[in-house]
Every structure is written in structure tokens, then in C-alpha cells.
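To keep things clear, I will list the structure first and then write my remarks on it.
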2 protein chains.
Amino acid sequence: MNTAGSPQSTTMNAAHAAAIGGAGVGAAAAADPLFDTYAERAHGLKASEIRALFAVASMPEVVSLAGGMPFISGLPLDQIADSLQRLIREQGATFLQYGNGQGLPRLREQIVDVVALEGIETRPENVVITTGSQQALDLVTELTINPGDVILTESPSYVGALGVFRSYQADVRHVEMDADGMVPAALEAALADAQAAGDVVKFAYIVPNYHNPGGVTLSLSRRREIVDICRRYRVLIVEDNPYGLLGFDGEPLPAMQPLNPAGVVYLGSFSKTFAPGFRVGWVIAPDGFRDKLVLASESAILCPSNASQMAISTYLETCDWRAQIASYRDLYRQRRDAVISALEEYLPEAEWNVPGGGFYVWVKLPPGVDSRDMLPRAVESQVAYVPGTAFYYDDRGTDHLRLSYCYPTPERIREGVRRLAGVVRREMSA
Amino acid sequence: MNTAGSPQSTTMNAAHAAAIGGAGVGAAAAADPLFDTYAERAHGLKASEIRALFAVASMPEVVSLAGGMPFISGLPLDQIADSLQRLIREQGATFLQYGNGQGLPRLREQIVDVVALEGIETRPENVVITTGSQQALDLVTELTINPGDVILTESPSYVGALGVFRSYQADVRHVEMDADGMVPAALEAALADAQAAGDVVKFAYIVPNYHNPGGVTLSLSRRREIVDICRRYRVLIVEDNPYGLLGFDGEPLPAMQPLNPAGVVYLGSFSKTFAPGFRVGWVIAPDGFRDKLVLASESAILCPSNASQMAISTYLETCDWRAQIASYRDLYRQRRDAVISALEEYLPEAEWNVPGGGFYVWVKLPPGVDSRDMLPRAVESQVAYVPGTAFYYDDRGTDHLRLSYCYPTPERIREGVRRLAGVVRREMSA
């Protein structure tokens with residue numbers, strides 16, 4: 001490939017600059033004539049590593065093992081197109097109108113059926129529909145966190161959640177996670193330490209299934225232990241479960257929410273099991289919390305999109321969504337197999353887990369290789385990933401990276417891992 | 001109509017309870033076992049009068065002059081249905097996928113053309129797409145307001161904005177407004193007072209066209225004066241303009257943004273000129289502010305809905321949206337005429353302005369009639385409105401109410417005003 005001075009290399013360089021931290025944005029802020037207008041919380045905003053990667057991932061020559069984009073082409077697009085046409089012809093005046101702040105009642109009923117698959121018994125009145133589960137994270141944090149309040153979460157933890165926690169000036173503490181998920185004894189120690197120090201812990205943020213980025217699943221016995229510990233310390237659990245139905249082996253484990261419905265705020269999403277383009281997620285919360293959530297959501301967006309909600313409701317009614325999820329499970333299992341076998345073949349010096357579902361494998365690099373330093377060179381070699389540093393509130397993570405196997409085909413995944421192995425090898429000998 | 005014990009009267013009573021302030025929510029909060037978990041900002045959340053009215057307005061027997069719902073049935077629904085079907089068949093894998101945090105580039109180009117109609121010259125890079133302009137209000141406030149910071153706004157002001165300002169613990173001060181909009185001398189006095197008191201004024205929030213709820217339009221000379229005053233005091237202007245293209249007489253006045261692009265954050269929306277069901281609005285902001293907005297929006301929702309944005313982009317491309325807006329102008333002019341002539345006929349004791357566009361007329365009640373006290377009795381008489389108190393940060397507004405003429409037919413509007421006049425008459429003789 002030729003590079004010097006070509007338009008393509010220009011694009012690539014801009015992408016590099018973005019991928020390594022958005023230095024341009026920082027420089028602009030310092031010279032911003034509106035500087036004095038910003039609130040204190042705004043000064044802490046910075047470009048996340050995952051954000052910049054949207055630009056990189058969109059270049060067709062790059063194999064992106066970075067973003068968590070579901071494989072939408074696996075959906076029955078023609079059927080969805082036809083059912084949406086009918087929906088607008090028949091109910092256009094509702095489809096295009098303002099809706100209810102809490103979300104469409106019919107869709108809330110359907111969500112009750114979806115979450116029943118993971119053992120949750122709830123009623124439509126306790127479901128609040130949000131603009132993706134990202135908005136749910138934002139609202140839950142807005143409702144609970146005063147600056148300096150503590151959030152406990154896995155080590156590592158979801159980058160999008162950490163960004164929200166940072167924007168509300170939370171004190172985030174990582175709790176040890178192993179192959180069975182968060183370690184209960186470590187959680188209890190963190191709670192005891194916080195209590196001894198007089199710190200206010202507001203919630204434990206946990207992704208129990210096919211963790212992002214860890215790939216691991218919280219075992220059934222640990223779910224019980226963690227719920228008991230949090231109940232004892234009177235600390236809320238925020239259970240974030242976008243991947244629970246995307247397991248490769250057998251039935252999903254029951255959610256934590258049923259173990260203590262009064263002490264768990266549960267977050268779900270259609271983004272991974274159906275389509276993120278509609279931006280529809282949901283929260284199941286105890287009554288008092290639910291009331292506040294609805295008010296906070298109305299303040300933030302008035303109401304979720306009727307168009308999006310009716311489109312999803314119609315999909316759930318007219319398509320065999322359970323069969324679609326089963327077909328996604330097969331598809332993602334093949335891709336998981338592809339990434340694991342490629343790692344075995346091309347990068348045996350690294351270490352990784354074998355995820356039982358979801359989108360991600362968490363890779364420990366050979367000693368001396370820094371995932372953040374390496375990223376620009378990886379993108380030059382036309383492969384993208386997310387450096388481990390994105391998943392920590394502190395400076396850890398340089399020795400890890402996250403590979404997403406959800407979007408590229410198995411062949412592209414193998415090619416991506418081959419390219420990545422070449423880059424790692426060069427780092428080791430540098 | 002029979003009432004005693006019928007299911008219908010049960011619905012009605014629940015709606016009454018909601019409309020008069022959501023007492024149930026407050027009581028639940030006091031007994032909420034999660035009370036200690038909430039952040040300080042969450043304790044101030046309360047049900048707005050406009051929120052409760054969604055429930056009332058949905059009962060078919062009530063003439064709702066309350067909500068600002070556009071008349072969606074005026075749109076070419078079949079054409080929209082067909083173009084969406086084609087869009088998903090041809091570009092479904094993008095339609096259903098995650099998008100760009102700042103918003104779809106093509107739609108941002110189209111927005112540049114839309115705002116040019118009001119004299120704004122900008123580039124797609126300076127447009128940030130949001131989940132309705134409500135999210136824009138939320139993000140702008142999040143980025144600027146520390147607790148106690150001052151926001152200056154018209155007297156009265158938009159209820160949805162006041163709710164957001166309250167949730168960020170702003171100190172909102174109302175500035176006199178007359179038939180030509182906000183009074184510049186009053187704005188300058190408020191700024192001087194704040195300066196003298198050492199208070200930090202972060203922005204002036206102004207709805208320049210067909211004010212909600214005031215119905216008035218800021219004159220051209222005042223736009224210049226207000227921009228000059230804010231420039232002198234180094235205070236940002238937040239120009240919120242959902243109704244600018246819905247004027248009944250001639251061309252729209254130019255926006256304030258072109259008078260000082262570095263000092264104005266401009267908010268626009270497709271909710272009134274096309275359809276609120278997609279929840280798509282936008283912000284045009286100076287570079288530094290734009291960068292922070294994108295980051296804050298990504299933290300709040302990751303990205304706006306590709307489905308919604310592509311649907312609107314396709315509508316703008318395939319339908320004659322300018323002709324549609326012209327047809328809406330005719331439709332809403334007829335409804336404005338209906339509400340004004342009905343007020344003249346049925347309620348001559350009241351006072352009102354004659355709005356030159358938009359959705360609202362602001363009515364001053366005869367002495368001694370309290371718009372908030374009267375609301376439950378109005379709903380019993382099957383007419384709904386928003387009490388003036390919703391539009392003040394303080395306790396004013398009991399002597400006013402807002403009537404929306406956008407949604408009901410002219411016949412229903414006349415009937416609604418007739419019912420309202422009966423209620424007012426009874427209040428006066430009580």
C-alpha cells in the first residue's frame with residue numbers, strides 16, 4: 001500500500017490522532033473564549049478511546065475488532081421494512097407523535113415477557129423505557145451520585161459506564177474479578193474499607209453476563225453472595241445486562257434482580273439482541289426509584305421516541321424474535337470460535353479467557369507490550385481494538401486489550417488477529 | 001353523562017389527582033427505602049404540570065388545549081410509510097446500527113439548509129443532533145450550570161426548560177416580556193443587578209419566535225439590542241427556536257445567532273415542523289462548545305438514533321417539506337383564528353394576545369380566578385389547559401393560563417373555549 005501524501009494517508013493520520021486521545025479537543029478547550037461559561041463538571045469531559053474508534057472502524061480497509069456493533073445484516077430486513085410500512089400506514093399519527101414519558105405501555109408489557117426469560121417477574125408499571133441503556137446509566141447516576149460518592153465495579157469495567165460515572169464526579173473503585181466474575185470477598189472488603197473511612201458507597205455496578213470487556217460470567221452462587229452482601233451493607237446493585245440472552249451454551253443464568261427486587265436496579269437493552277439503531281433500552285426499578293427515573297427522563301428528553309418503540313414492539317409481535325436470538329447465538333459462537341482459534345494460532349504468547357457468550361474477549365499481552373502505545377501502529381497495520389486502559393478508572397490496563405468478535409466475518413476476524421499478532425511481535429522485538 | 005362509580009369516572013379521578021400535582025409521588029418518596037441512596041439533585045425532582053396533562057389529554061372526551069402536540073394527520077403518511085420501507089430495504093444495515101455521536105453527516109448538511117431560511121450561515125461540523133431539543137436543553141445546562149448559577153429568561157418561560165434548569169439547581173430570574181418579546185432594558189438591569197451582587201450569570205434563555213407560552217415574537221431591533229447587551233456582559237445566549245418557520249404572516253425574522261455566532265448557542269427541532277415521534281432536534285454552537293456538547297451527548301446516550309435520523313433525512317429528500325410547512329402554517333392560522341374568535345365570543349372578560357405564529361395563546365383571567373385551583377374543575381367539564389404557574393420559576397402565574405390551538409380541529413377548539421368560559425364564569429360567581 002502506498003502511503004506518503006495520498007488522501008488515504010491523510011484520513012489515516014487524522015484517525016490516528018483521534019484514536020490516541022483527541023489532543024485537538026484539549027488544545028481547543030484551553031483557547032475556548034467561552035471557558036468561563038462552563039460548569040465545573042464540564043471541565044472533566046474528555047474524548048473516550050471508544051468514541052475515537054468509531055472513526056477508525058468505519059474505514060473499510062481496517063479490520064475492526066474494536067466496536068461492539070451487532071451484526072445487523074443477520075436480521076430479516078425485508079420483513080422489518082414491510083412491517084414498518086404497514087405500521088405507519090395504519091398508525092402513523094401515533095408513530096410520529098409525542099409519547100408517554102415512561103414509555104409505550106404495549107412495549108413495557110412485551111419487555112416483561114423478555115425479562116421473564118432470565119427469571120425476572122415484574123409488571124409493566126415498573127419498566128421505564130430509555131434512549132438505549134446508556135441513557136439508563138446516565139439517569140441512574142444522576143439520581144444517586146453526589147460528587148465524591150463511591151461506585152464499586154468490576155476490574156475492568158464497561159468504558160461507557162465509567163465515562164458517565166466520571167461526568168458525575170463519582171469515586172469509582174474497581175473490585176477484583178476472576179473467571180467467575182466479581183469476587184464476593186473483595187467486594188465485602190471494599191465495602192468494609194469504605195465504611196471504615198466514612199465514604200458513601202451508592203451502588204455496585206455489575207455486568208453479570210459475558211462481561212464487557214472481561215468476557216466472564218458471574219456464577220450463580222456468587223450472584224447470591226453479592227446480593228446478600230449488598231443487602232447487608234444497604235447498597236444498591238445496578239445490574240447491567242445487555243448480553244444475557246446471547247449465551248452459547250444452554251439456558252441463561254437467572255438475573256440478580258429476583259434475589260432482591262427492592263435493592264436492584266436492572267438495565268436491559270434491545271441493542272444487542274435486535275438493533276441499536278432505535279436506541280431503546282429499559283430499566284426495572286423499585287417503585288420510588290422508578291418514579292424518580294421517569295421524572296429525570298422527562299427532564300432529559302420529554303419522552304422516548306414513539307417511532308422507535310412502536311417499531312420494536314411491532315418487530316416483537318410480527319417476527320420470531322426468539323428464533324432470531326437463537327440464530328444470533330449460533331453466529332456469534334462461530335465468531336467466538338474464530339477469534340479463539342486465531343489467537344491460539346497467531347498469538348500464543350498472549351493469554352485470554354474463552355467467553356461463554358456475548359461479544360468480547362479480554363486479552364493479556366506478552367510482558368512489555370503496551371496496548372495504548374501500540375494502537376496507532378495497529379491501525380497502520382489495519383487492525384483496530386480497544387486498549388485495556390479504557391476500562392479502568394485509574395491508570396491500569398496497558399497490559400490488556402479488548403477484542404470484539406461480533407461484527408466481522410470469521411475470515412476477517414482471523415485476518416485481524418493475524419495482523420494484530422504481527423504488530424505485537426514487532427513491539428516485542430523493538 | 002353518568003359518573004357515579006362508572007369505570008370512566010375512576011379514570012377521570014386518577015387523572016385529576018395527577019393533574020393537580022402528583023401528590024402520590026411525593027408521598028411515596030417520603031416512605032422510599034432507597035431515600036438515602038439519592039443524590040441531592042434528585043430530591044428536587046417533582047412532577048411538572050405539563051407531564052400530568054399527558055394523561056388528561058389522552059381521554060377522547062376532553063378537549064385538550066394543553067399539550068403542544070403538532071397535528072400529525074396533516075402529514076403525507078402513506079408517502080412517509082413507503083419511503084421508510086424503501087429506506088430499510090436498501091440501507092437497513094445502517095438504519096438499524098449504532099451511529100455517529102454528533103449525528104448523521106447527511107442530516108447535518110440538510111439542517112444547514114433548514115436554518116438558512118432564518119438567516120443562519122453554518123457548516124455541518126457545527127451542528128450537533130440531539131434526542132429532541134429537550135436533550136439539547138439538558139446538555140447545554142449540564143455544560144454550564146453549577147448549583148446557584150443564574151439563568152435569565154422571559155417572564156413567563158417554557159415549562160420544559162424551567163424543569164431542566166431546576167434539576168441542575170440553577171437560580172432562574174425572569175425578565176419582563178411585552179408584546180415585542182423580552183424587554184432589553186429589563187435584561188440589562190437584571191445583568192447589572194447580578195453583577196453588583198456578585199452572582200454568576202451563565203446565559204440568557206430566549207424563545208424569540210411565537211413564544212411558548214407567551215405567543216409573542218422578539219422584534220428585530222430588540223434582537224440586536226439583546227445580542228449587544230449580552231456581548232457586553234460576556235453572557236451566552238441560548239436561542240431556542242422550535243416555531244420560527246411556523247409564522248402566519250410573511251417571511252420569518254432572522255435568528256439572533258448570525259448577530260454573534262461566537263456568543264449564541266442555537267437550538268432547533270423537527271418536532272413542530274415535521275414530527276416529534278422521532279425525537280430529533282439539533283444545536284448549532286461555537287467550536288469549543290460544540291466539542292463539549294458531543295462528548296456530553298455521547299456520555300448521555302452514546303449516539304442519536306440512526307433510524308430516526310435517516311427517516312427524517314429521507315423525508316427531507318423525498319417529500320416537499322417546504323410545501324408541508326406552508327400547509328401547516330395555513331392549518332395553524334385557521335386554528336389560531338378559531339381560538340381567538342372563540343375567546344372574543346365566549347370569554348370577553350379575559351385578555352390575550354394574538355400570536356403571529358406557533359401554537360399558543362397566553363390568556364389573562366378575570367380578577368380572582370386562579371388557573372391552578374380551577375384546573376380540576378375544568379377537566380371535570382372536559383377541557384384541559386396548562387395553568388400559568390407552570391411557566392414561572394417562582395409562584396407567579398395563577399392569573400394566567402396557556403391555550404394550545406395546534407392539535408384540535410377548529411370546531412373542537414371553539415367547543416373547548418366554550419366549556420372553559422363556563423368554568424371561568426362559575427369560578428367568578430363562586
**Request:** Treating only the Cβ atoms of Lys and Arg (+1) and Asp and Glu (-1) as charged, compute the dipole magnitude of chain A about its Cα centre; round to the nearest 20 debye.
**Result:** 500 debye
**Message:** I want the local charge near A:Arg106. Using Cβ-Cβ distances under 13 Å, sum +1 for each Lys or Arg and -1 for each Asp or Glu among the other residues.
**Reply:** -2
**Request:** Note the distances from B:Gly368 to each other copy's matching label point, with points 7 Å along the Cα-to-beta-carbon direction, in nm, sorted shortest first.
**Result:** 9.3
**Asked** If you take the square roots of the eigenvalues of the alpha-carbon gyration tensor of chain A and sort them as a ≥ b ≥ c, do you get rounded (a/c under 1.5), prolate (a/b over b/c) or oblate?
**Response** rounded
**Item:** Carbon plus sulfur fraction of accessible area for region B:202-270, probe 1.4 Å, in percent
**Value:** 51 percent
**Request:** Place a label point 7 angstrom from the Cα of B:Arg232 along the Cα-to-Cβ direction, then list the residues of region B:126-159 whose backbone nitrogen is under 14 Å away.
**Result:** none
**Asked** In the protein assembly as shown, with Lys and Arg counted as +1 and Asp and Glu as -1 at Cβ, which of these residues, A:Pro33, A:Val283, B:Cys406, has the Cα nearest the positive end of the dipole, that is, farthest along it?
**Response** B:Cys406
**Candidates A:Glu176, A:Glu317, A:Glu90: whichever shows maximal mean-square fluctuation once chain A is modelled as a Gaussian network with Cα springs under 10 Å** = A:Glu90
**Request:** With +1 on each Lys and Arg Cβ and -1 on each Asp and Glu Cβ, and nothing else charged, work out how big the dipole of region B:195-316 is about its Cα centre, in Debye to the nearest 20.
**Result:** 160 debye
**Asked** Rounded, prolate or oblate: which fits region A:303-430 when a ≥ b ≥ c are the square roots of the eigenvalues of the alpha-carbon gyration tensor, with rounded for a/c under 1.5 and prolate only if a/b beats b/c?
**Response** prolate
**Request:** Please identify the helices of chain B, taking whole runs of DSSP H, that span at least 15 Å along their own axis as judged from the Cα atoms and have a mean Kyte-Doolittle score of 0.5 or higher.
**Result:** B:184-197
**Prompt:** Near B:His43, within a Cβ-to-Cβ distance under 15 Å, what is the net charge of the other residues, with Lys and Arg +1 and Asp and Glu -1?
**Reply:** -1
**Prompt:** When only C-alpha pairs under 8 Å and at least 6 residues apart count, what is the relative contact order of chain B, in percent?
**Reply:** 22 percent
**Request:** Within 10 Å of each Cβ in peptide A:135-144, how many partner chain Cβ atoms are there on average? Round it to a whole number, please.
**Result:** 4
**Per residue accessible area of the protein assembly as shown, 1.4 Å probe, in Å²** = 35 Å²
**Complete:** Accessible-area loss of at least 20 Å² in the complex relative to the chain alone (1.4 Å probe) applies, within region B:197-216, to B:Lys202
**Prompt:** Each label point is 7 Å from the Cα along the Cα-to-Cβ direction; what then is the distance between the points at A:Gln91 and A:Ser219, in nm?
**Reply:** 4.5 nm
**Heavy atoms of A:Thr389 accessible to a 1.4 Å probe, total area in Å² rounded to 10** = 10 Å²
**Asked** Along the axis that rotates chain B into chain A, which residue of chain B has the nearest beta-carbon, and what is the gap in whole Å?
**Response** B:Gln85, 2
**Asked** Which distances, shortest first and in nm, link A:Thr409 to the matching position in the other copies, using label points set 7 Å out along Cα to C-beta?
**Response** 5.7
**Asked** How large is the charge dipole for the protein assembly as shown, taken about the Cα centre, if only the Cβ atoms of Lys, Arg (+1) and Asp, Glu (-1) carry charge, to the nearest 20 debye?
**Response** 820 debye
**Fill in**
Listed by chain and number, the lysines with an alpha carbon less than 17 angstrom from that of B:Lys292, same-chain partners under 8 positions apart left out, are A:Lys46, B:Lys202
**Prompt:** Who wins for biggest fluctuation among B:Pro304, B:Pro33, B:Pro261 in a Gaussian network model of chain B, springs between alpha carbons below 10 Å?
**Reply:** B:Pro33
**Message:** Using the basic label-point model (7 angstrom from Cα toward the beta carbon), what is the B:Asp178 to B:Val354 distance in nanometres?
**Reply:** 2.0 nm
**Prompt:** Of the beta bridges DSSP finds with both residues in the protein assembly as shown, what % are antiparallel, to the nearest 5?
**Reply:** 50 percent
**Message:** I'd like the interface area for chains B and A: accessible area of each alone minus the complex, both sides summed, 1.4 Å probe, protein heavy atoms only. What is it in Å² to the nearest 100?
**Reply:** 7200 Å²
**Message:** Per-residue Cβ counts within 10 Å, from other chains only, averaged over B:159-165: what number is that?
**Reply:** 2
**Prompt:** So what's the gap between the Cα centers of region B:187-218 and region B:337-360, to the nearest angstrom?
**Reply:** 26 Å
**Request:** Can you bin region A:245-303 into rounded, prolate or oblate? Criterion: square roots of the alpha carbon gyration tensor eigenvalues sorted a ≥ b ≥ c, rounded for a/c under 1.5, prolate for a/b above b/c, oblate for the rest.
**Result:** oblate
**Prompt:** What are the nm distances, shortest first, from A:Glu125 to its equivalents in the other copies, labels at 7 Å along Cα→Cβ?
**Reply:** 5.4
**Request:** Kindly identify residues of region B:302-323 having a loss of at least 10 Å² in accessible area between the isolated chain and the assembly of all protein chains, probe radius 1.4 Å.
**Result:** B:Leu302, B:Cys303, B:Ser305, B:Ala307, B:Ser308
**Asked** Among residues other than A:Leu143 whose Cβ falls under 9 Å from its Cβ, what is the net charge (Lys/Arg +1, Asp/Glu -1)?
**Response** +1
**Prompt:** Rank B:Tyr98, A:Tyr405 by accessible area, highest first, at a 1.4 Å probe radius?
**Reply:** B:Tyr98, A:Tyr405
**Message:** Suppose each label sits 7 Å from its Cα in the direction of the beta carbon; what would the B:Ala262-A:Ala430 distance come out to in nanometres?
**Reply:** 4.1 nm
**Request:** Would you work out what percent of the accessible area of region A:307-380, with all protein chains in place, is carbon or sulfur (probe 1.4 Å)?
**Result:** 45 percent
**Message:** How long are the semi-axes of the equivalent ellipsoid of the protein assembly as shown, taking √(5λ) for every eigenvalue λ of the Cα gyration tensor, in whole Å from largest down?
**Reply:** 46, 30, 27
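The values are calculated or read from the model by the stated rules, or taken from the named source; none is laboratory data. As the structure is a prediction and not an experimental result, all values here were calculated from the model. Glycine gets a Cβ as well: all are built from the backbone with ideal geometry, and neighbour counts include every protein chain shown. The accessibility values were calculated without ligands, DNA or RNA, using every heavy atom of the protein model including side chains. Shrake-Rupley method; radii C 1.70, N 1.55, O 1.52, S 1.80 Å.
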